[in-house]
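What follows is a short report on a single structure.
The values are calculated or read from the model by the stated rules, or taken from the named source; none is laboratory data. Since the structure is predicted, the reported quantities are computational estimates derived from the model, not experimental observations. All Cβ positions, glycine included, derive from the backbone under ideal geometry; neighbour counts span all protein chains shown. Surface accessibility is based on the protein's heavy atoms, side chains included, excluding ligands, DNA and RNA. Shrake-Rupley method; radii C 1.70, N 1.55, O 1.52, S 1.80 Å.
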Amino acid sequence: METINKLPKRRSRVYSSEARVAYICLIPAFLGLFFLTYLPLLGVLGISLTNWTGLKPPEFIGFENYIKLFTSDPYIKDSIITTIYFAVLSVIGSMIYSLFIAMMLNRKIPARSFFRAVFYIPYVLPAVAIYVGWSWLYEGNFGFFNYLLSEVGLNKIHFIADSSYVVPSLSLISVWLSGNLIVIFLAGLQNVPSVYHEAAEMDGANGWQRFRHITLPCMTPIIFYNLLMSLIANLQVVTPALALTNGGPGNSTRFLTYLMYDQAFVNYKIGYACATTLIIFAILAVFTIVLFKTSNRWIYNEGGDDK
């Protein structure tokens, strides 16, 4: 009896010892999260309440930067709309493109490893070099795409010099750069149980039915992760504006991050730029919360547990 009574105590001691070791191992992660995420965020919040230019000591001005942003800034409204427009196009396009390519690369095809590397390489190349290369394809007179249009008898398009086409054109480049999503989708496809497909095929299901009722539900956790990562990345877009358009034509590519860059490093309004940064953070938070709140309606749990 004494031995039996001692067992729970020994187990609790083991569990508490393991918990202490776990907390000790997590200390570097907590420190990194605090010093590299939360502390800088608090710093940005504090600077946004000042008129700091980086050239003289900051003066506290309260919420004046935020008031100016939403009452007299001529760019903020269009920047928010343009950023969300770009993000929606890029996220939808990259999700469809990367899942389709991943399904093709998941098949037994010749030189499959080579093609997997080919589709992943754009993601690891320097982004500025990629956008400059695409600018040659988009060139209004002698670019490759306009050459193809002229060959089929269509009028040439100024892809990045026309405000109607510039955002979709830049979104196309963003879609082409989504090699990381392809790799993640490919890993997820390899974990879809083959027995489900075999059973459905025996029941007479065609390829589309197997994809819709087996592959897609099993891939919903991976889709959620890629959707979240792609959304966060594309709402912070700045490289195409810096590399190609400088916010133009007009203000059609003055994304929020480019607006922040212009305020901080061109006009030296660092406090004002920090206020813009928090607007970006708020938009990211809203989209992320909505995504998490709606995820339980469409994410498939294999165990059948509904949240």
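Any idea how many residues of the range 247-261 are in a helix (DSSP H, G or I), more than 15 Å from I84 (Cβ to Cβ) and open to solvent by less than 30 Å² (accessible area, probe 1.4 Å)? The number of residues fulfilling the criteria is 0. In the range 180-192 there is at least one residue matching the filter, namely being open to solvent by less than 50 Å² (accessible area, probe 1.4 Å) and either more than 24 Å from the chain's Cα centre (by Cα) or among the basic types (K, R) (or both).
The residue that is farthest from S252 (Cα to Cα), counting only those in the range 47-82 that are touching a helix residue (DSSP H, G or I) at 6+ places or on another chain (Cβ under 9 Å) and among the small types (G, A, S), is G54.
Restricted to the range 150-243, the set of helices (runs of 4 or more DSSP H) holding at least 2 residues that are in contact (Cβ under 8 Å) with a residue 24 or more places away in the chain comprises 166-176, 179-189, 216-235.
Looking across F114, F145, one residue alone is open to solvent by 60 Å² or more (accessible area, probe 1.4 Å), at negative phi and without any contact (Cβ under 8 Å) to a residue 24 or more places away in the chain. It is F114. Filtering Y131, Y97 for residues that are within 28 Å of M219 (Cβ to Cβ) and either open to solvent by less than 70 Å² (accessible area, probe 1.4 Å) or not in a loop (DSSP other than H, G, I, E, B) (or both) leaves a single hit, Y97. Of N65, N141, all but one fail to be more than 27 Å from the chain's Cα centre (by Cα) and assigned to a helix (DSSP H, G or I); the exception is N65.
Just one of (1) within 20 Å of S94 (Cα to Cα); (2) open to solvent by less than 80 Å² (accessible area, probe 1.4 Å); (3) in contact with a Phe, Trp or Tyr (Cβ under 6 Å, 6 or more places away or on another chain) fails for Y165. It is (2). Look at (1) modelled with pLDDT of 75 or more; (2) surrounded by fewer than 10 Cβ atoms within 10 Å (Cβ to Cβ) and you find that M1 fails only one, number (1).
Condition test on T294, is it modelled with pLDDT under 95, surrounded by 15 or more Cβ atoms within 10 Å (Cβ to Cβ) and not hydrophobic (A, V, I, L, M, F, W, C)?
Spelling it out, it is not the case that T294 is modelled with pLDDT under 95, surrounded by 15 or more Cβ atoms within 10 Å (Cβ to Cβ) and not hydrophobic (A, V, I, L, M, F, W, C).
Among the residues examined, P217 does not qualify as over 21 Å from V91 (Cβ atoms), open to solvent by less than 40 Å² (accessible area, probe 1.4 Å) and not aliphatic (A, V, I, L, M). Just one of the listed residues (S150, S113, S135) is modelled with pLDDT under 90 and of a type in the set (S, T, Y), and it is S113. Within the range 262-290, being among the hydrophobic types (A, V, I, L, M, F, W, C), in contact with a helix residue (DSSP H, G or I) (Cβ under 8 Å, 6 or more places away or on another chain) and either open to solvent by less than 20 Å² (accessible area, probe 1.4 Å) or within 18 Å of I81 (Cα to Cα) (or both) holds for A264, A273, C274, A275, L278, I279, I280, F281, I283, L284, F287. Between I76, I61, I84, the distinction of being in contact with a strand residue (DSSP E or B) (Cβ under 8 Å, 6 or more places away or on another chain) and either open to solvent by 70 Å² or more (accessible area, probe 1.4 Å) or of a type in the set (A, V, I, L, M, F, W, C) (or both) belongs to I61 only.
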